[in-house]
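Beneath this line is the structure, given in structure tokens, with notes to follow.
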Amino acid sequence: MNKNCPCCGQTFEPEPGYYFGAMFISYGFSAAYFLGVWMLSYIFFDEVGALEMMVAIILVVVGLLPLTFRWSRVLWISIFVRFEKDSKNIFQE
């Protein structure tokens with residue numbers, strides 16, 4: 001992850017432990033994945049055992065972990081830091 005925004009220079013780590021709250025957002029994403037896997041397996045399969053359900057949920061959660069990590073941090077910092085929409089110079093370096 002970049003230390004600063006290439007457009008505005010905003011530091012992405014304002015203080016140690018800043019992203020502690022992002023864990024709660026990540027937990028919400030994981031809960032949504034759990035419910036999604038459960039609903040899809042309920043709709044498309046007649047019977048699903050506990051072991052198959054746990055394996056499917058673990059695979060989905062671990063597979064989407066890089067996206068979940070990034071999304072939760074982006075949502076957390078967007079709560080506290082206002083970003084300007086003008087980012088024309090983001091790729092001009």
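Summary table
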quantity	calculated
Estimated 222 nm signal from helices in the chain, with DSSP H stretches of n ≥ 4 weighted -39500 (n - 2.57), rounded to 500	-19000 deg cm²/dmol
When the chain is reduced to its Cα atoms, the Kirkwood hydrodynamic radius in Å	15.8 Å
Fewest-first sequence of MET53, MET23 by Cβ atoms within 10 Å of each Cβ	MET23, MET53
MET54 versus GLN10: modelled label distance in nm, points set 7 Å from Cα along the beta carbon direction	4.2 nm
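No value in this document is a laboratory result; all are computed from the given coordinates. Small disclaimer: the values here were computed from a predicted structure and weren't measured. Here the Cβ is made from the backbone with ideal geometry for all residues, glycine too, and neighbour counts use every protein chain on show.
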